[in-house]
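Input: a single structure, listed below in structure tokens.
All of the numbers you see were taken from the coordinates with simple rules; none came from a lab. This one's a predicted model, so the numbers in the text were calculated from it and none came from an experiment. Every residue, glycine among them, receives a Cβ derived from its backbone with ideal geometry; neighbour counts consider all protein chains shown.
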Amino acid sequence: MEPSGRKHELHVDRSLFGQISVVFDRRRVPRFDRGDEGERYVMTIGSRLASIVVPPSTGGQPRLTIDGREVFGAEALLAPPDPAASQPGVSAAGISAQDLSRYQLLQRRDLGGGWFYWIAGASILNSVLYAARIDWGLVVGLGITQVIDAFAIALSHTVRTPIYAILLDVLVAGIFLLFGRSARRGRLGIYALGIIVYALDGLIFIYAADWFAFSFHVFATYSLVTGWRAGRALVRLDRPAPAAATAAG
């Protein structure tokens with residue numbers, strides 16, 4: 001609990017297969033790093049930096065520190081921050097501000113780029129459902145694959161999706177898988193190209209007057225752009241600072 005009275009909840013769970021899950025205020029916390037003591041998870045509580053280390057053994061207890069001070073018990077009242085106890089640019093938990101910023105930007109970039117995988121998977125699933133004559137699909141999928149299937153059926157004069165149309169759908173979905181892989185590797189040029197292609201694909205749903213699918217395309221495009229902007233900020237953060245000019249003489 002903060003001095004202002006605001007409460008926070010932190011839950012640490014371990015599955016039967018040993019997978020660790022850390023949830024802070026109903027949000028899953030990604031792993032920061034892994035050391036000899038176990039997996040470390042980092043989060044911010046207002047202006048404070050909290051770090052929880054979960055040991056690899058099931059018998060060990062997680063260790064929570066807030067601004068370098070270990071916290072005991074199921075409930076704790078946070079003390080006001082002590083500016084004198086911290087060093088500039090380095091937290092009391094041993095994590096520099098730049099490292100923490102880089103970690104957060106990396107998570108946002110990868111989360112945004114992960115949408116390409118969802119788009120590719122949904123598009124293949126929609127093609128399979130369409131071939132099975134099932135009038136149902138995922139709105140995150142591509143419109144171009146639906147156009148390919150419809151044209152292929154019309155040209156072949158059959159009620160089943162031709163094999164070549166399904167292969168084309170898989171090829172298009174594979175391109176989006178490559179977009180996702182490039183996005184998570186920090187190739188921002190290919191990342192931006194994928195965003196443009198997906199945004200143009202949304203125009204198909206305007207022509208078809210499928211406003212629900214178009215609205216979801218807009219949301220997915222926004223998520224992709226958010227990840228790309230985080231990637232651009234990450235590049236600027238990793239860029240070496242220009243050397244300070246020194247006065248001659």
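A few comments on the model shown:
- By average C-beta atoms within 10 angstrom, highest first, the peptides 28-40, 227-239, 118-130, 186-198: 118-130, 186-198, 227-239, 28-40
- 3J(HN,Hα) from dihedral phi, region 146-157, Karplus parametrisation 6.51/-1.76/1.60, rounded to Hz, x for glycine, proline: 5, 5, 4, 5, 5, 5, 5, 5, 5, 6, 8, 6
- For GLU39, the residues whose amide H sits under 5 Å from its own are VAL54, ignoring neighbours fewer than 5 places away on the same chain, with H placed 1.01 Å from N.
- Ascending count of other beta-carbon atoms within 10 Å, so fewest first, for HIS157, HIS11: HIS157, HIS11
- Amide H within-cut-off set for VAL71, under 5 Å, with H built and near neighbours excluded: LEU64, THR65, ILE66
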